[in-house]
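Okay, structure first, notes after.
The values are calculated or read from the model by the stated rules, or taken from the named source; none is laboratory data. In this text, all values refer to a predicted model and were calculated from it rather than measured experimentally. Neighbour counts are summed over all protein chains in view; Cβ atoms, including those assigned to glycine, are modelled from backbone coordinates with ideal geometry. Heads up: the accessible areas ignore ligands, DNA and RNA and are worked out on the full protein's heavy atoms, side chains in. Shrake-Rupley method; radii C 1.70, N 1.55, O 1.52, S 1.80 Å.
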Amino acid sequence: MFVLLHIRGDFFFLFMQMAIQIFGEMLYCPETDYLTEFPSPASLKNMVVISTKPPKESPQSEGTRHDVSNGSESSEDESWELQDSMAKVKTIDKNVSDEEKLEDINTSDYKVNQQSTRGYKHLITIHGGKSEGTMKDRLKVDGGKVRRLSLSEKKLKTASESHGPDLIRFTQKNILRIFPRGERVQSSNFKPHLGWMYGAQMVAFNMQGHGKSLRLMQGMFKANGGCGYVKKPEFLIQKGAHNEAFDPKKTLPVKQILKVKVYKGVGWRSDFSRTHFDRFSPPDFYTKVCIVGVGADSVKKKTSVKTDNWYPVWDEEFEFRLTVPELALLRIEVKDKDKTTDDFAGQTCLPVSELKCGFRSVPLCDLKGKKFNSVKLLLRFQLET
């Protein structure tokens, strides 16, 4: 397995020096400045891959460039020593005019940046950067090199409505990163499934908020043994028979029928206090069973309410007709029915592609995704193709 590091541009030089010192030979170094195809995960095993925007070299005269290089490139260590030396000189020389000081600072910063840029630029595997023009221009696939494009959740929603096929084609060869809008000051999150449906490899989250979106992320990455990497379905990687791209908004024939039977729940009496849900009576539990996926598959269902019972027995079955089961998540949540706001009593989220037929004792988790010690649901899964 490999580690992907996404670096902010304003910390580039400091991070690169630290990365070289800490990771050493584990750092993946591309053989060329720009890749025409990303390396396979198998070739990156036990490696650290860096993704960031390459630093710009300051536009200076050729004479200045010659003075900096002096016919040969300095080593990375020398560039940082030069920075320290310049800082000391600025501190000692207090009699120089403000204009001369400013000129010296600009020149020394340029020298350090030029040497650091030449030394570190070759470590970047996935090049990011701003794309200009219309959304169609930004999503244009360049046959000569691969790159990373970052879109806010707002721009992703707009692009999915007007340029859906272009998004899919872009992610078949390039990296697409989605991030929450800046107005989410309370660390809330957007619906990540929109990014996954269009092939986005990197969907960023505000990890401070423990809402439904973060639970979907936890469910998504339970697949593949919970290692943190999930391979995209083939229809998001390859073009169709007639060179067409997958369209999540298109209504497709039913591919799989999932039946979920909810028998009973246990463990609340052990993990919660007697008055946690209701002060004077046992809780009134019900279970919500939902599918999160493409529009045609997304549906919500729930059991009846079992009143005054710490050990509810529902014995109810739900059927879900799925057109794209590869992108579907099964979300289960138990709540205590109240007159005002229903109390949370446990949840889990499971990738449909990983479900196995038969009876299953499914442990439930708290709002942060940590498993309860005793709370479980007895379920039965049936899958019909």
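Here are a few things to note about the model shown:
- Sites Ser304 and Lys222, calculated FRET efficiency, Cβ-Cβ separation with R0 25 Å, nearest 0.05: 0.30
- Taking 0.36 nm per residue of sequence separation and removing the Cα-Cα distance, the Glu316/Lys259 pair yields an extension gain of 19.5 nm.
- Residue ranking by accessible heavy-atom surface, 1.4 Å probe, largest first, among Lys231, Lys249 comes out as Lys231, Lys249.
- The range 167-311 shape via C-alpha gyration tensor axes, a/c threshold 1.5: prolate
- Oblate is the label for the range 211-263. Its Cα gyration tensor axes, ordered a ≥ b ≥ c, give a/c of at least 1.5 and b/c at or above a/b.
- Ranking of Arg148, Arg321 by solvent-accessible surface, largest first: Arg321, Arg148 (1.4 Å probe, protein heavy atoms only, all chains present).
- With a Förster radius of 35 Å applied to the beta-carbon distance between Arg274 and Ser188, the computed FRET efficiency rounds to 0.55.
- Using a probe of 1.4 Å, the accessible surface attributed to Thr171 totals some 0 Å² when neighbouring protein chains are kept in position.
- Rounded, prolate or oblate (a/c below 1.5 giving rounded, otherwise prolate when a/b exceeds b/c) for the range 261-378 by Cα gyration tensor: prolate
- Between the range 299-359 and the range 119-168, the alpha-carbon center distance in angstrom: 38
- Candidates per chymotrypsin sites (Phe, Trp or Tyr not before Pro) in the range 230-318, loop by DSSP, up to 16 other Cβ within 10 Å: Phe280
- Net lengthening on full extension, Thr341/Ser374 (0.36 nm per residue, minus Cα-Cα): 9.4 nm
- Listed cross-link partners Lys45/Lys154; Lys301/Lys370; Lys259/Lys335; Lys130/Lys212; Lys157/Lys300 are compared with a 26 Å cut-off, the Cα-Cα value being larger for Lys45/Lys154; Lys130/Lys212.
- In the assembled protein chains, Asp142 presents an accessible area of approximately 70 Å² (probe radius 1.4 Å).
- Projected label points at Met26 and Ser43, each 7 Å from Cα along the beta carbon direction, are separated by 2.2 nanometres.
- Contour minus Cα-Cα distance for Lys288 and Asp366 (0.36 nm per residue): 26.6 nm
- Förster-model FRET efficiency, 30 Å R0, Glu244 and Tyr34, C-beta, rounded to 0.05: 0.55
- Of the listed residues Tyr311, Tyr229, the order by accessible area with a 1.4 Å probe, largest first, is Tyr311, Tyr229.
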